Each structure stands twice: as structure tokens, then as C-alpha cells.
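The values are calculated or read from the model by the stated rules, or taken from the named source; none is laboratory data. Since we're looking at a predicted model, the values are computed, not measured. Quick reminder, even Gly has a Cβ in these numbers, built from the backbone with ideal geometry, and neighbours come from all protein chains shown. To get the accessible areas, we keep the full protein, side chains included, count just its heavy atoms, and leave off ligands, DNA and RNA. Shrake-Rupley method; radii C 1.70, N 1.55, O 1.52, S 1.80 Å.
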Amino acid sequence: MYELSIDCSHRGYWIEAIAPFTANIQNIDANNSGLIIHLCNLDRIEYLQPFHFVLLACLRERLKAIGYTKCYLRGNSEVKDYLLNMCNLGKYWHGESPVDFMQSKDSHVFNLWRVKKENIESYSEAIHQYLKQNFFQKKDLSSLKLALLETFYNIFDHADAKGNAFSFIKYDEGQQRLQIAVCDFGVGIANTIRKVYPGIRNDAEAIKTATENTISASSQPHNKGMGLGNIISNLYEKDIFRVVSNKGLLKLQNGQTEIYETPYEFKGTLIYYEITLSQFEDEEIINTFDF
Amino acid sequence: MYTIHVTNYLKENTYPEAGTKVYDAIIERWESEPKIVLDLTDVNALPSLFLNTSIGKIIEEYGSEAMKKKIGFAHISATQIQRIREYVEIIGTKVNIQ
């Protein structure tokens, strides 16, 4: 039985633990088909962020794909109970019919969803309608739905994730802010961009390039490169937007973009961001519009 | 004037597919109609994957100025107007560079 310890005291440690483990996972003796994941320094449910869920899910999906039938979580009992019973994580990989989505008992959580192309539009619409009907009846939340659609379609247009992509969304009612995380274990944004722009210096620059509106990997007829830019354009100044992919990290807040090269390689893409919903305008319909 | 109800195309198609069908409907009437109106009743999002296969393609073929003269919108939200303006400017610039 193998063991993986993840220090949850800082966001970066979580990714630093999972990224190299995932990269080397094929080298592990597949006859030793169990893994224990120790969640260290995570003793309050409030510390759980959407990116924790999607990284864990993609890891579990990869483990299952290469034959690991058993995976155990060790850590704080309250956190474990939340993950396994409130969010029903076990249902996604066990039993005869693993689920792609199961409603969480926490009403502010849009639970883990195995991103599938045929459900992108209905799922985005369901989130849009839920928020509009329950919290923001008069607001025009169309930009939110737009951001979700662009995020999800990005996976199928670029990632080649072979079904290993998950999202998790949480609504912070106090801050009126939606926290969104989407992760896939595909080829990574930098590798995708480099196919079209081979002169880019490093993975961090590649991620930054991918956020520019006129840049496109042109991987599909409908893809002209405005996906990530559309997400960013809907963010409030204090909202944070982050992308981790290959050996690059991008962070955007208050209109400032920072990019870093990471010491680890993450084979995939993790996008996580916040949207402040109270900043959206009230809905206003105009009868006719000409340029 | 000819009106295209976009929601009818979105009901049974993905966004890219709906965009292509809207493009086809526009092209069919491009020469014969002085004005073509896209009615956005019950349409609450205009993602790039719809715009790219519909008016984006029109801009590529005829240019943004021709598109702006021919295409109008009905029952459109203020947010959507801003979105379309930004989109047309970006794609129009991209087309001009090429």
C-alpha cells in the first residue's frame, strides 16, 4: 500500500505534492494497488477550497484508470466526513455505476462534476438559474454563465483530457462571491499554445499568452481564442484568477497579471477563480439595437 | 426586414451548431433582405463559440462594417450589447490585420 502525504497548510504545497506524484505514478508497482492519502494540517471544513476537490478528483480518476482499486483518505474526521458524506465523493468511483454528479447536502455547493461535453450547457444553465432564482433575481448573470461555458469548453477544445476533468463550485453567501475550480489531467495549456506559437519562451509566458483575446490554438472551428479572456473580463477588480499548467503559474488580481515558473511540472491544467456576483448590473432589456 | 429567433436554434443544438445554423440563415437572406434582425428573447448567454460560428464568420467574409449595417438585434440586454460591441471590435481588428 502506497502513501501520499499532502500538506494542506498552503495552497502551493497541495499542488506541489500532487503534481510530481501524478507524473511518476506509472512507475509505481501496479500490484500494490492501494493508496492512502494523508491530508495533513487540514482540520477545518472552512479551509477546503474548490481547487482541493478538483485536484483530488483528477488524481483519483487517474489512479482508477491505471488499476488502483483502493484509495483511502486519512486526516481530520470532520473534514473526512464532509468529503465522503456531505459531498459523496465515494459515489464517483465505487459501485457498479459511478456517478458523474451527485448533489451535495451543502446547499451552497455545486458539487463535484465530471465535466462531460454533452452536459456543459445544461450544467452551466442550472447554476445560472439556481443563483438567479435564489439570490439574484433582478441581476443580469449572463456573464457568469458565459464564464462557465468558456471554462468548460476550454477543456474539450484544448486539453485532450480523456475524460479526466472535474469542476467544483462553491457560493460564499457572506461575500456574495462564487468560487470556481476546474481541473483536467490533459496536455496542459502551455503545450497546446506551443503547437501554434513555438517561439514562446516558457510555460508561464504561454499561459499569459493564452489569456489574450486574439490568441488562439485554433483547435476547433468555433475557437478563435477568446475563452480565457472572456472569463477574465467578467471579474471584479478584487476577484482572483489563477491558472496552473505544465511549469507555469499565472495570477491575476486588480488588473495586474503575475506569472511564475514553477519548480514542479503539472501535467494538466487547473483554473480557479472567483466572481463577485453583487457587482453585476440589474437586468435591462432593450427592444432594438443597431450599431 | 427578416427576423431570426436565436432561441429556436439553441433549443436543439449546441452553441457552435446553433451559431452555424444562424450563419446559414443570415447568408440565405444576405442579398435579398435590407436588414436582418437577431431576436435574443430567452437567450441569456452569447459565448464566443456561438459568436465565432455566426456573426464572426460574417465578419470574416464581409467585414465588420458590412455586418454592422446589415445585422440588428432585438430584445437584447445591456450586457449583451457590450459583449457584442467588444466582440465585433476584436474580431474586426483581427480580420483587418490578416
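For region B:48-63, what are the residues that are crowded, with 20+ Cβ neighbours inside 10 Å and not basic (Lys, Arg)? Walk me through how you get there before you give the answer.
Looking only at region B:48-63, we keep the residues that are crowded, with 20+ Cβ neighbours inside 10 Å, and these are B:48-59.
Matches in region B:48-63: B:48, B:49, B:50, B:51, B:52, B:53, B:54, B:55, B:56, B:58, B:59.
Within region A:22-39, can you find the residues that are at pLDDT below 85, in contact with a strand residue (DSSP E or B) (Cβ under 8 Å, 6 or more places away or on another chain) and surrounded by fewer than 19 Cβ atoms within 10 Å (Cβ to Cβ)?
A:23, A:28, A:32, A:33, A:34
Every residue in region A:199-234 that is open to solvent by 10 Å² or more (accessible area, probe 1.4 Å) and at pLDDT 85 or above, please.
Within region A:199-234, A:199, A:200, A:201, A:202, A:203, A:205, A:208, A:209, A:210, A:211, A:232 meet the criteria.
Would you confirm, using the coordinates I've provided, whether residue A:251 is farther than 29 Å from residue B:22 by Cβ, more than 14 Å from every other protein chain (Cβ to nearest Cβ) and assigned to a loop (DSSP other than H, G, I, E, B)? Reasoning before the result, please.
Values: farther than 29 Å from residue B:22 by Cβ: yes; more than 14 Å from every other protein chain (Cβ to nearest Cβ): yes; assigned to a loop (DSSP other than H, G, I, E, B): no.
No, not satisfied.
Quick one: would you say residue B:9 is open to solvent by 50 Å² or more (accessible area, probe 1.4 Å), in contact (Cβ under 8 Å) with a residue 12 or more places away in the chain, within 30 Å of residue A:122 (Cβ to Cβ) and more than 10 Å from chain A (Cβ to nearest Cβ)? It would help to see each step written out before you state the result.
Numbers: open to solvent by 50 Å² or more (accessible area, probe 1.4 Å): yes; in contact (Cβ under 8 Å) with a residue 12 or more places away in the chain: yes; within 30 Å of residue A:122 (Cβ to Cβ): yes; more than 10 Å from chain A (Cβ to nearest Cβ): yes.
It is true that residue B:9 is open to solvent by 50 Å² or more (accessible area, probe 1.4 Å), in contact (Cβ under 8 Å) with a residue 12 or more places away in the chain, within 30 Å of residue A:122 (Cβ to Cβ) and more than 10 Å from chain A (Cβ to nearest Cβ).
Residues in region A:254-266 that are part of a strand (DSSP E or B) and either of a type in the set (Gly, Ala, Ser) or under 14 Å from the mean Cα position of the chain (by Cα) (or both): how many?
Qualifying residue count, region A:254-266: 1.
Residues in region A:58-73 that are touching a helix residue (DSSP H, G or I) at 6+ places or on another chain (Cβ under 8 Å) and not in a helix (DSSP H, G or I): how many?
Of the residues in region A:58-73, 3 are touching a helix residue (DSSP H, G or I) at 6+ places or on another chain (Cβ under 8 Å) and not in a helix (DSSP H, G or I).
When only residues in region A:158-170 that are crowded, with 21+ Cβ neighbours inside 10 Å and not aliphatic (A, V, I, L, M) count, which is nearest to residue A:134 (Cα to Cα)?
A:168
Does region A:117-161 hold any residues that are among the aromatic types (Phe, Trp, Tyr), in a helix (DSSP H, G or I) and in contact (Cβ under 8 Å) with a residue 24 or more places away in the chain, and which are they? Before the answer, list the steps.
Step one: filter region A:117-161 for residues among the aromatic types (Phe, Trp, Tyr), giving A:123, A:130, A:135-136, A:152-153, A:156.
Subsequent filtering for residues that are in a helix (DSSP H, G or I) retains A:123, A:130, A:152-153, A:156.
Listed by number, the residues that qualify are A:123, A:152, A:153, A:156.
Test each condition in (1) open to solvent by less than 70 Å² (accessible area, probe 1.4 Å); (2) in a loop (DSSP other than H, G, I, E, B); (3) within 21 Å of residue A:182 (Cβ to Cβ) for residue A:42 and report the one that comes out false.
Checking residue A:42 against (1) open to solvent by less than 70 Å² (accessible area, probe 1.4 Å); (2) in a loop (DSSP other than H, G, I, E, B); (3) within 21 Å of residue A:182 (Cβ to Cβ), the one that fails is (3).
Go through region A:81-116 and count every residue that is of a type in the set (A, V, I, L, M, F, W, C), assigned to a helix (DSSP H, G or I) and more than 17 Å from residue A:60 (Cα to Cα). Step through it out loud before you land on a result.
Quick first cut of region A:81-116, residues of a type in the set (A, V, I, L, M, F, W, C) only: A:83-84, A:86-87, A:89, A:93, A:99, A:101-102, A:109-110, A:112-113, A:115.
Now restrict to residues that are assigned to a helix (DSSP H, G or I): A:83-84, A:86, A:89.
From what's left, more than 17 Å from residue A:60 (Cα to Cα): A:86.
Of the residues in region A:81-116, 1 are of a type in the set (A, V, I, L, M, F, W, C), assigned to a helix (DSSP H, G or I) and more than 17 Å from residue A:60 (Cα to Cα).
Checking residue A:140 against (1) farther than 26 Å from residue A:278 by Cβ; (2) charged (D, E, K, R); (3) within 14 Å of another protein chain (Cβ to nearest Cβ), which single condition isn't satisfied?
Single failed check for residue A:140: (1).
Residues of region B:23-76 being more than 8 Å from chain A (Cβ to nearest Cβ), within 26 Å of residue A:282 (Cα to Cα) and in a loop (DSSP other than H, G, I, E, B), which ones?
Within region B:23-76, B:40, B:41, B:42, B:43 qualify.
What is the number of the single condition among (1) under 19 Å from residue A:148 (Cβ atoms); (2) modelled with pLDDT of 95 or more; (3) more than 10 Å from chain A (Cβ to nearest Cβ) that residue B:19 does not meet?
Tallying (1) under 19 Å from residue A:148 (Cβ atoms); (2) modelled with pLDDT of 95 or more; (3) more than 10 Å from chain A (Cβ to nearest Cβ), residue B:19 fails exactly one: (3).
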